[in-house]
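None of the figures in this text is laboratory data; all of them are computed from the coordinates on show. Everything quoted here is computed from the prediction, not taken from an experiment. Here the Cβ is made from the backbone with ideal geometry for all residues, glycine too, and neighbour counts use every protein chain on show.
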Amino acid sequence: MASEEVTTVRARPEPIRAVPVRHPGRWITVAVLAVLAAMFVHVLVTNKAFNWSFMVDKMFRPPIIEGLLRGTVLMTVVAMVIGVALGVLVAIMRLSDNPILRAVGWLYTWFFRAVPRLVLLAVFGNIGILWSRIEFGVPFDTQLGQLFGIDNLQLRLFGFSSRDILTGFMAGLLGLALSEAAYMAEIVRAGIQSVDGGQTEAAQALGMSRGQLLRRVVLPQAMRVIIPPTGNETIAMLKDTSLLLYVPVSVELFFQLDAVGKRTFQIFPMYVAACLWYLFLTSILLVGQYFLERHFGKGYGPAGRARLRLRTIAAEQGGGGQGTAGV
Amino acid sequence: MSELTVPAQAGAPAAESGLMVQAEQVHKSFGHLEVLKGIDLEVRSGEVCCLLGPSGSGKSTFLRCINHLEKINAGRIRVDGELIGYREHGGKLHELRQKEVAAQRRSIGMVFQRFNLFPHMTALENVIEAPVRVKRESKAEARERAEALLARVGLGDKMGNYPGQLSGGQQQRVAIARALAMQPKLMLFDEPTSALDPELVGEVLDVMKDLARDGMTMIVVTHEIGFAREVGDSLVFMDGGVVVEQGNPREVIANPQHDRTKAFLAKVL
Ligand SMILES: Nc1ncnc2c1ncn2[C@@H]1O[C@H](COP(=O)(O)OP(=O)(O)O)[C@@H](O)[C@H]1O
Ligand SMILES: [Mg+2]
């Protein structure tokens, strides 16, 4: 009844059929990019230096796949696991009440962030020059022995040749993991500091120990801040395994591709193969990171919980709106 | 001689003196800012003590000193006869270890203005956490008591909800249940209703009144004069880091002696 009256009084206006704004600039850009793309494809296809058939033939050979699995993927996983665990420890040291622990934590992050990874790996690769054997026992035993008049006192429990333990893989792993721990420590520290101080206070008031309040209250909440940059670190780590060439670690993707290239005098195709392999591997991680960030970006905890909360907020606001409309 | 025979805590336990909290000449400074300038306060077992005072007068700081969230610079605080934060031995004070301080805090519950619930745990998990982790109770036992406590504060149907899904009043009631789960002998409330919408204040005060009727010893920092008058056994008015006036709440509110108390009450009434 009422709506009919309204339509008779005020006719529905005609739908808008305006002339859209033209964007000639966009078309020019598209044309330029199309030409550039065509040139690029042309080079890829016609330039003999790419030697595609050779590259495809070599890039899936067993030594290369083994290098990819062990030196790149496995190394990334293990270095990140150690890096994260040690990083949490260093972060907690840096936030400790104990000034000595704080200083040690600071010194650690300072050193491992100040030395470039490449240089660090070169140093770890040659650390066998420092000690031929690594042994565990009473420190300064020979010096202490001399103090008490005993010649060449040796109080060693066990040891091994540094050539055995600091093989390429171990030296490389140590270099990457220790360096990663320094970066992770900064990320974890920022995450811990992002948690509201009231949380610590409430936990302390309940009689929780420092360890308990970190493990049960602070770290779970810090995760939201820690997870996304840790994804970035993992991708960076995967790429940085290529630096293991300088340790050297032979069972590794880039080392193997580089070796094939140098042996066959077909360096460029093998470097292109390296690009393609790293593009492939990091793309997989990027997909993983997308889902992780979507998961942790939405308020607290699992996405379902956040969605539920959004729904209750929406319901409250909807209810309020109706209330005012009714008045 | 006496050093050997006298127990570590010089004060008599509450059972004998009837005193749950004894604060003597408590001083506290932050850098050069002296926030508490010699607070003397006694709270008997089973008593509800309401702490009033303008913002910045040191009420929160004093409350936090009682469970050693803040270290005091001078004076003594005893809870149930036990010196808080220190051990007195051979005429000297020795700082307690973190572990020992944590043990003292277990028997002192605290409720905060901004609830400070753990947002990644459900209401039930919030209440179970400390009994299981700190007191090493069995999960089943802690859960049973937590359910009873949540039912008591009127949240029997919200146990699985996360704090983000609860109203302010509901969150504060969970926070009270969480503190009670440790079976404390003293409860500290720091403006428990100040962050709440007016229509939610009543539900929290009701829980606190219920607790007071059960004989819980409570120190309540509040601006709710009605609550102080109805439930309080004593009222302490603080200003500028000192106790200005104290006494029976109904008498102090009806007939304040001190100008500063009068001015303050005129504003909040
Ligand atoms: N951690 C701190 N560091 C420095 N100053 C503080 C700290 N905590 C409280 N204060 C100061 O102490 C004074 C008393 O604070 P507070 O005890 O919170 O007062 P109230 O709870 O009565 O409002 C205020 O001036 C405040 O700025
Ligand atoms: Mg306060």
Reachable lysines from B:K185, Cα under 23 Å, same-chain residues fewer than 8 places away excluded? B:K59, B:K71, B:K99, B:K135, B:K139, B:K209
So, R0 is 35 Å and r is the distance between the beta-carbons of A:R133 and A:L107; what FRET efficiency does that work out to, to 0.05? 0.85
Give the lysines reachable from A:K239 as a straight Cα distance under 26 Å; neighbours fewer than 8 places away on the same chain don't count. A:K58, A:K262
Hey, could you pull the Cα Rg and Dmax for region B:62-173, both in Å? 17.1, 54
Which residues in region A:246-263 place their backbone N less than 19 Å from a point set 7 Å from the Cα of A:R61 along the Cα-to-Cβ direction? A:249-263
Just want to confirm a number: the relative contact order over chain A, from Cα pairs under 8 angstrom separated by 6+ residues, in percent. 23 percent
Relative to the Cα centre, what is the charge dipole magnitude of the protein assembly as shown, using +1 at the beta carbon of each Lys and Arg, -1 at the beta carbon of each Asp and Glu, and rounding to the nearest 20 debye? 1960 debye
Check: C-alpha center region A:215-256 vs C-alpha center region B:155-172, spacing in Å is 39 Å
Answer with one residue from B:Y162, B:H89, B:M216: the one whose Cα lies farthest towards the positive end of the charge dipole of chain B, charges on Cβ with Lys, Arg +1 and Asp, Glu -1. B:H89
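List the residue ranges in chain B for DSSP H helices whose C-alpha atoms run 15 angstrom or more along the long axis and whose Kyte-Doolittle average is 0.0 or above.
Helices meeting the span and hydropathy rule in chain B are B:123-133, B:198-213.
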Largest-first ellipsoid semi-axes for region A:31-167, taking √(5λ) over the Cα gyration tensor eigenvalues, angstrom: 50, 25, 14
Chain A: angle of helix A:267-297 to the longest principal axis, Cα-based, in degrees nearest 10: 60 degrees
Taking 0.36 nm per residue of separation between A:R215 and A:V115 and subtracting their Cα-Cα distance, the length gained on full extension comes to 32.9 nm
At B:F30 and A:A34, where each label point lies 7 Å from the Cα along Cα→Cβ, what is the point-to-point distance in nanometres? 6.7 nm
Taking chain A on its own, what percent of its Cα-Cα pair distances exceed 29 Å? 63 percent
Separation of alpha-carbon centers, region A:42-65 and region B:59-122, rounded to whole Å: 70 Å
Taking only DSSP H segments of four or more residues, each worth -39500 (n - 2.57), what value at 222 nm results for chain A once the sum is divided by all its residues, to the nearest 500 deg cm²/dmol? -22500 deg cm²/dmol
Give me the mean projected area, in nm² to one decimal, of the convex hull enclosing the Cα positions of the protein assembly as shown. 49.4 nm²
Round to the nearest 0.05 the FRET efficiency obtained for A:T167 and A:H295 when R0 = 35 Å and r is the Cβ-Cβ distance. 0.35
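State the percent of C-alpha pairs, over all pairs in region B:114-269, separated by a distance greater than 23 angstrom.
Tail of P(r) above 23 Å: 43 percent of Cα pairs.
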Note, B:V244: beta-carbon cut-off 11 Å, +1 each Lys/Arg, -1 each Asp/Glu, net -1
Enter the mean number of other protein chain beta carbons within 10 Å of the beta carbon of each residue in A:211-221, as an integer. 3
Roughly speaking, what % of Cα-Cα pairs in region A:195-251 are separated by over 14 Å, rounded to a whole number? 67 percent
Rounded to the nearest 10 degrees, the helix A:253-264 long axis (Cα) sits at an angle to the longest Cα principal axis of chain A of 70 degrees
Given a cut-off of under 8 Å on Cα pairs at least six residues apart, what relative contact order in percent is computed for chain B? 24 percent
Give the calculated FRET efficiency between B:A263 and B:D210 to the nearest 0.05, with a Förster radius of 35 Å applied to their Cβ-Cβ distance. 0.60
Once you place label points 7 Å from the Cα toward the Cβ at A:R70 and A:F54, how far apart are they in nm? 2.7 nm
Where the convex hull is taken over the Cα atoms of chain B, what is its projected area averaged over directions, in nm²? 15.5 nm²
The helix A:99-114 Cα axis meets the longest alpha-carbon principal axis of chain A at an angle in degrees, between 0 and 90 and rounded to 10, of 80 degrees
Give, in nm to one decimal, the length gained when the segment between A:V77 and A:E14 is fully stretched (0.36 nm per residue of separation minus the Cα-Cα distance). 16.4 nm
